[in-house]
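Colleague: Here it is, the structure, as structure tokens.
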Amino acid sequence: MNGRFFIIALHEGGRVREETWRLVSFARRCGVADPVMMVLSDEGAIEQLADELAHRTGLDVAGLAGSHLREYSAEAYIRTLVPFFRDAPEEAHIVTAHTSRGIDFAPQLSAGIDACCITAVEDVGQGTFIRSVHHGRFRAEVRADRPRVVLTVLPEAFAPDDVAPGNPGKVRIVPAGDISLSTCSRGARAPVHANMGLTRAEVIVSAGRGLGSGENIRLVTMLSSLFPKSALGATRAVCDQGWLDYSHQIGSTGNTVSPRLYLACGISGAIQHLAGMRDSGMIVAVNTDPCAAIFRVAHYGIVEDLTTFIPLLVDRYLRGE
Amino acid sequence: MKILVCIKEVYDSPETLVFDESAGRVTFGPHTVFRMNRYDEYALEEALRIRERLSSAVVDAISVGSPRVSRIIRRALEMGANHGIHVQTPGETCLSAFERAHLIASAARGRGYDLVLAGVMAEDDMESQVGPLLAAVLEYGCATGVIFEEISADGSRVAVEREVEGGSRECLTLALPCVLTIQSGINTPRYPALSHVLRARSSELECIEASGLAAPPPTQGLVRILPPAQGRQGEVIEGAAVEKADKLIRILREHSLLPR
């Protein structure tokens, strides 16, 4: 990779978020040993965040500070970062995580500095970037046609960088002025649909759109009843359809689970869903489509129609086969 | 209040796509059928609900693409949009989010939209970029992943909740005009009413040639389409359905996941 390489750290509650360490691994995967770590916050919190970054990574840190950065908003980030990068050397890669915040500010940042923006990057080619498309069935290799490139990187595609360096990097705090924003942040609300039953379950039987209809939810309920300490899970699409309520949702905007067994029924395996269950002990997938992305994370895969296979499976078990 | 909803045509099922690995291309197959991106249906429904709350609102729907795309714009009219705009490209085109955003911005500029809604992402490319890029080009504010919105009584601001990791919500208030990208589940999209279906049949779509709109050169190029990454070398359980069931039961028992 030519030019400078910047990593924009994500943080919450005064601590650096775990995805940030994965971005350091991504930089190494790009052949970059000395990316510049960047963090944005208000004067009260910036030094602690910058120090955490400098000590953990051993990399130099630029901390951009201003009272408008006390709470996150896309507008605050963009109006701070656009002037910063306009003054930086033109050839640059600016990287953040593909999370709800990263994807909130990255495209607008790219537009402000005439950069190319590539989202949900999961691998690197020969000067190119690779991302999943078409429900995870294929990948697209994309070439940037601008000297400046903004990337959001899928955190789960890279392990956290756990190098404990000898010397912390240098910290530079840059006042970003006090910008008056038209956006007003009003804080956060706790999850509406957190489900302790799901996080405690040893076995999760989970339903996807491939189930075909809300009526067929009774099939996963029936299957789930075979297992002690089991719970029902679902993809976002199933909850959106109203087949199960949102407390069952597993994925990036729902519950994150790692049961001993995850039985995925009619689930295609979109990245947002995989983010919530890929660390499960054993993953068994049943789907009619042999090319579904779920089969590439599954330990065992069965290509069958659920409406006939689940009753058969339950019947064989109850008969003691 | 003038509201613009950006809608995209997607294929109904990825199973109908045809992959030519040596050419690095994916094309639509003979059985591919097309429909509106599901996330955009939620955006359109939200716009229609805003119109029902505010008496004087107008909802326009816009889409970029081949002549076939006019079908989903008509579908938007059937759901209740007032006016449809088709930015027409010649034949099948694979446009990046950057190109789409600039074409929509060129068509929308000067029309005085107070609010622009789009789905949080497209089901096919999953780039999540058209909404925020459009906001940047139009110099509008933007919030992504919106799961709740409420426009102030004087129509100058909108309070929104963005859905973030784990289902938490970030609450913020934006000044209008702005762009909101809408998360699925914010509402339940309606089925078209017969009166709207009949009205849509006789409505003219506004057609704008994409070639006549100003757009900067693309920022990126598709090198090729690759097969998926290898992933876990899991075991595919083969045989007749009964054999598969018995084998799965045996595996689960061996791992003490099913009682004997």
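Colleague: Using only the alpha-carbon atoms, how far is helix B:38-53 inclined from the longest principal axis of chain B? Give it as 0 to 90 degrees, nearest 10.
Modeller: Tilt of helix B:38-53: around 40 degrees.
Colleague: Now for a different question. Quick one: plug the Kirkwood hydrodynamic radius of chain A (C-alpha pairs) into Stokes-Einstein at 10 °C, 1.306 mPa s, and report D in µm²/s.
Modeller: Once the numbers are plugged in, D ends up at 74 µm²/s.
Colleague: May I pose another question? Pick out, from B:ILE3, B:THR219, B:VAL130, the residue whose Cα sits farthest towards the positive end of the charge dipole of chain B, with +1 on the Cβ of Lys and Arg and -1 on the Cβ of Asp and Glu.
Modeller: Towards the positive end, the residue furthest out is B:ILE3.
Colleague: Taking chain B as the reference, fit the longest principal axis to its C-alpha atoms, fit the long axis of helix B:70-79 to the helix C-alpha atoms, and give the angle between the two in degrees, 0 to 90, nearest 10.
Modeller: Taking Cα atoms only, the helix is inclined about 80 degrees.
Colleague: Given H placed 1.01 Å from N in the peptide plane, which residues other than close sequence neighbours of B:ARG25 have an amide H under 5 Å from its amide H?
Modeller: So B:ARG25 has HN proximity to B:ASP20, B:ILE225.
Colleague: A further question follows. Can you give me the P(r) profile for region A:58-209? Cα pairs, bins 5 angstrom wide beginning at 0, each as a whole percent.
Modeller: Reading the bins upward from 0: 2, 7, 12, 15, 16, 17, 13, 9, 6, 3, 0.
Colleague: Between the DSSP loop rule and a limit of at most 16 other Cβ atoms within 10 Å, which trypsin sites (Lys or Arg not before Pro) in region B:164-205 are left? Numbers along the way, then the final one.
Modeller: Numbers: sites: B:ARG169, B:ARG190, B:ARG199, B:ARG201; in loops: B:ARG190.
Sites meeting the loop and neighbour criteria: B:ARG190.
Colleague: Follow-up. Between A:MET222 and B:HIS31, what FRET efficiency follows from the Cβ-Cβ distance if R0 is 25 Å, with the result rounded to 0.05?
Modeller: On the way: r = 33 Å, r/R0 = 1.31.
Efficiency, rounded to the nearest 0.05: 0.15.
Colleague: Between the DSSP loop rule and a limit of at most 13 other Cβ atoms within 10 Å, which trypsin sites (Lys or Arg not before Pro) in region A:123-188 are left?
Modeller: Listed in order of number, the matching sites are A:LYS170.
Colleague: When the dipole is taken about the Cα centre of chain A, and only Lys, Arg (+1) and Asp, Glu (-1) are charged at their Cβ, what size is it in debye, to the nearest 20?
Modeller: Dipole magnitude for chain A comes out near 420 debye.
Colleague: What aspartates and glutamates does B:LYS2 reach when the alpha-carbon gap must be under 12 Å and sequence neighbours fewer than 8 apart in one chain are set aside?
Modeller: Filter leaves B:ASP60, B:ASP114.
Colleague: Considering every residue in B:241-253, what mean count of other chain Cβ atoms within 10 Å of its Cβ is obtained?
Modeller: Going residue by residue through B:241-253 and averaging, the value is 6.
Colleague: Let a ≥ b ≥ c be the square roots of the eigenvalues of the Cα gyration tensor of the protein assembly as shown; is it rounded (a/c under 1.5), or, if not, prolate (a/b larger than b/c) or oblate?
Modeller: Note, shape of the protein assembly as shown comes out oblate.
Colleague: What's the FRET efficiency of B:LEU213 with B:ARG71 using the Cβ-Cβ distance as r and R₀ = 25 Å, to the nearest 0.05?
Modeller: 0.70
Colleague: Could you tell me how far the Cα centroid of region B:198-228 sits from the Cα centroid of region B:132-153, in Å?
Modeller: So the separation of the two Cα centres works out to 22 Å.
Colleague: For chain B, build the charge dipole from Cβ charges (+1 Lys, Arg; -1 Asp, Glu) around the Cα centre, then report which of B:PHE98, B:HIS196, B:TYR42 sits farthest towards its positive end.
Modeller: Among B:PHE98, B:HIS196, B:TYR42, the one farthest towards the positive end of the dipole of chain B is B:HIS196.
Colleague: Let me ask something else. Which of rounded, prolate or oblate describes chain B when judged by the alpha-carbon gyration tensor and an a/c cut-off of 1.5?
Modeller: Details: a/c = 1.91, a/b = 1.52, b/c = 1.25.
Here chain B falls in the prolate category.
Colleague: Report the residue, chosen from B:ALA215, B:ALA47, B:ALA193, that carries the largest GNM mean-square fluctuation when chain B is represented by alpha-carbon nodes joined by springs under 10 Å.
Modeller: B:ALA193
Colleague: Next question. Which order do A:ASP145, A:ASP240, A:ASP289, B:ASP154 fall in if you start with the one that has the fewest other Cβ atoms within 10 Å?
Modeller: B:ASP154, A:ASP145, A:ASP289, A:ASP240
Colleague: Counting only GluC sites (Glu not before Pro) that are in a DSSP loop and have at most 11 other C-beta atoms within 10 Å, tell me the longest site-free stretch of chain B.
Modeller: After excluding every exposed loop site, the longest remaining stretch is B:1-91.
Colleague: Next up: How big is the dipole moment of region B:1-106 about its Cα centre under a simple scheme where the beta carbon of each Lys and Arg is +1, that of each Asp and Glu is -1, and everything else is neutral? Debye, nearest 20, please.
Modeller: Numbers: 13 positive and 14 negative charges, 81 e Å.
Taking the Cα centre of region B:1-106 as origin, the dipole is about 400 debye.
Colleague: When the Cα centres of region A:257-321 and region A:1-36 are compared, how far apart do they sit, in Å?
Modeller: Distance between centres, Cα-based: 35 Å.
Colleague: Under the rule of -39500 (n - 2.57) per DSSP H run of 4 or more residues, summed and divided by the residues of chain B, what mean residue ellipticity at 222 nm is obtained, to the nearest 500 deg cm²/dmol? Could you put the intermediate results ahead of the total?
Modeller: Details: 6 runs with 70 residues, N = 260.
That calculation yields -8500 deg cm²/dmol at 222 nm.
Colleague: In the protein assembly as shown, if the dipole is taken from +1 on Lys/Arg beta carbons and -1 on Asp/Glu beta carbons about the Cα centre, which of B:GLY65, A:TYR77, A:GLY210 is farthest to the positive end?
Modeller: Going by the charge dipole, the pick is A:GLY210.
Colleague: May I pose another question? What does the helix-only formula give at 222 nm for chain A: each DSSP H stretch with n ≥ 4 adding -39500 (n - 2.57), the total divided by the residues, and the result rounded to the nearest 500 deg cm²/dmol? Mind showing how you got there, number by number?
Modeller: Working: 9 runs with 86 residues, N = 321.
One gets -7500 deg cm²/dmol as the mean residue ellipticity at 222 nm.
Colleague: Still on this model: If you put +1 on each Lys and Arg Cβ and -1 on each Asp and Glu Cβ, how big is the dipole of region A:47-120 around its Cα centre, in Debye rounded to 20?
Modeller: 180 debye
Quick note: the coordinates plus some simple rules give every number you see, no bench work behind them. If you're wondering where the values come from, they're calculated on a predicted model, not measured in any experiment. A quick note on method: Cβ atoms are made from the backbone with ideal geometry, for glycine too, and the neighbour counts reach across all protein chains shown.
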